[in-house]
Amino acid sequence: MNSLPIPSFFDSEKVSQFWRVPYQKRANEAKQWREKYQITSSVEDKTKIILLLIDVQNTFCLPDFELFVAGKS
C-alpha cells in the first residue's frame, strides 16, 4: 500500500485549537483528492476495517460556532 501525502489544509501548529471548518470546501477538496490519487471506493476493499466515532464535534460547546447549544444558565 502506498502512503498518501498529508493534505495541504493540515496544520500541526493548530491541533490544539478550534476553528470553523469550511465543510463544502472540504467536500470539494475530498473529491479532487480521490481523483488525483486514484482512490477507489471502500466497497472494493478486500479487508474491512471499522472505526466508530460518535458525535466527536466540539462545536456544541463553543458560542458563535455552527452547532452551539446553550445550557440552562
Q.
Just to verify a result, which residue in region 20-31, among those that are part of a helix (DSSP H, G or I) and of a type outside the set (A, V, I, L, M, F, W, C), is nearest to T59 (Cα to Cα)?
A. Y23
Q. Condition test on Q17, is it closer than 17 Å to Q57 by Cβ, assigned to a loop (DSSP other than H, G, I, E, B), without any contact (Cβ under 8 Å) to a residue 12 or more places away in the chain and over 14 Å from the mean Cα position of the chain (by Cα)?
A. yes
Q | In region 32-51, the residues that are surrounded by 10 or more Cβ atoms within 10 Å (Cβ to Cβ) and either in contact with a Lys or Arg (Cβ under 7 Å, 6 or more places away or on another chain) or part of a loop (DSSP other than H, G, I, E, B) (or both) | A | Y37, I39
Q. Given the structure, is I54 modelled with pLDDT of 90 or more, part of a loop (DSSP other than H, G, I, E, B) and among the hydrophobic types (A, V, I, L, M, F, W, C)?
A. no
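The values are calculated or read from the model by the stated rules, or taken from the named source; none is laboratory data. Every value quoted in this text rests on a predicted model; they were computed, and no experiment measured them. Glycine also receives a Cβ, built like all others from the backbone with ideal geometry; neighbour counts cover every protein chain displayed.
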